[in-house]
Amino acid sequence: MDDLAAMGIALEEAQAAYREGEVPVGAVIVSRLGVLARGHNLVEATGDPTAHAEALVIREAVRAARDGRVGRQVLADATLFVTMEPCPMCAGAIVLARVSRVVFGCDDPRAGAVRSLYTLLSDARLNHQCRVTGGVQAEAGAALLTRFFEERRVRPG
């Protein structure tokens, strides 16, 4: 599956999050086995501040791909696609899961931990680094986020 097709799945998930009143971020993990997991933010629905799209799909992908290898090694050949640059929490999960590659859409200038504020995924001081491609379908993800937050500012309460 190419980067645009996989990011298309992540954008579908972001749109689902938008419809559910969640911050519209979607993610998908793909490996040689195909799509291992797809999902979107569920912070509001679960009341769990760690229910970011990236964390949720990492958990699900590890369950789906477990094949006798140690859990963290399961994602060693996987690519995580996410519509917005991961935050520090998610970047930490990506490193711990040893995801091979991350492809993200728009930058997150307030909390981005891949290139905007921090460069955790390429930090040689950590025990794992991953290849990163940014800016894939960035405009689509950014537009959805902008619309979401503009609507929230307009609504009273």
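The values are calculated or read from the model by the stated rules, or taken from the named source; none is laboratory data. Since the model is a prediction, treat every value here as computed from it, not as a measurement. Quick reminder, even Gly has a Cβ in these numbers, built from the backbone with ideal geometry, and neighbours come from all protein chains shown. When the accessible area is computed, the model is the full protein with side chains, heavy atoms only, and any ligands, DNA or RNA have been set aside. Shrake-Rupley method; radii C 1.70, N 1.55, O 1.52, S 1.80 Å.
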Solvent accessible area, Å² - Val154, 1.4 Å probe, full protein context = 120 Å²
query = Using a probe of 1.4 angstrom, how much of the accessible area of the range 1-86 is carbon and sulfur, in percent?
reply = 53 percent
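Helix-only mean residue ellipticity at 222 nm, the chain, DSSP H runs n ≥ 4 weighted -39,500 (n - 2.57), per residue, nearest 500. What is it? Mind dumping the intermediate values first?
On the way: 5 runs with 61 residues, N = 157.
For the chain, the value works out to -12000 deg cm²/dmol.
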Beta bridges per DSSP with both ends in the chain, % antiparallel, nearest 5 = 55 percent
message = Counting only trypsin sites (Lys or Arg not before Pro) that sit in a DSSP loop (anything but H, G, I, E, B) with at most 14 other Cβ atoms within 10 Å, what is the longest stretch of the chain containing none of them?
response = 70-109
task = Name the most mobile residue of Gly134, Gly112, Gly34, meaning the one with the largest mean-square fluctuation, in a Gaussian network model of the chain with Cα contacts below 10 Å.
result = Gly34
ask   = Sequence-distant or interchain residues sharing an amide H contact under 5 Å with Leu36, placed H: which?
value = Ile29, Val30, Ser31
query = Put +1 on the Cβ of every Lys and Arg and -1 on every Asp and Glu Cβ in the range 1-89; which of Met7, Ser31, Cys87 then has its Cα farthest towards the positive end of the dipole?
reply = Ser31
request  = From largest accessible area down, sort Ser122, Ser31, Ser116; use a 1.4 Å probe on the protein chains.
outcome  = Ser122, Ser116, Ser31
Per residue accessible area of the range 1-151, 1.4 Å probe, in Å² = 47 Å²
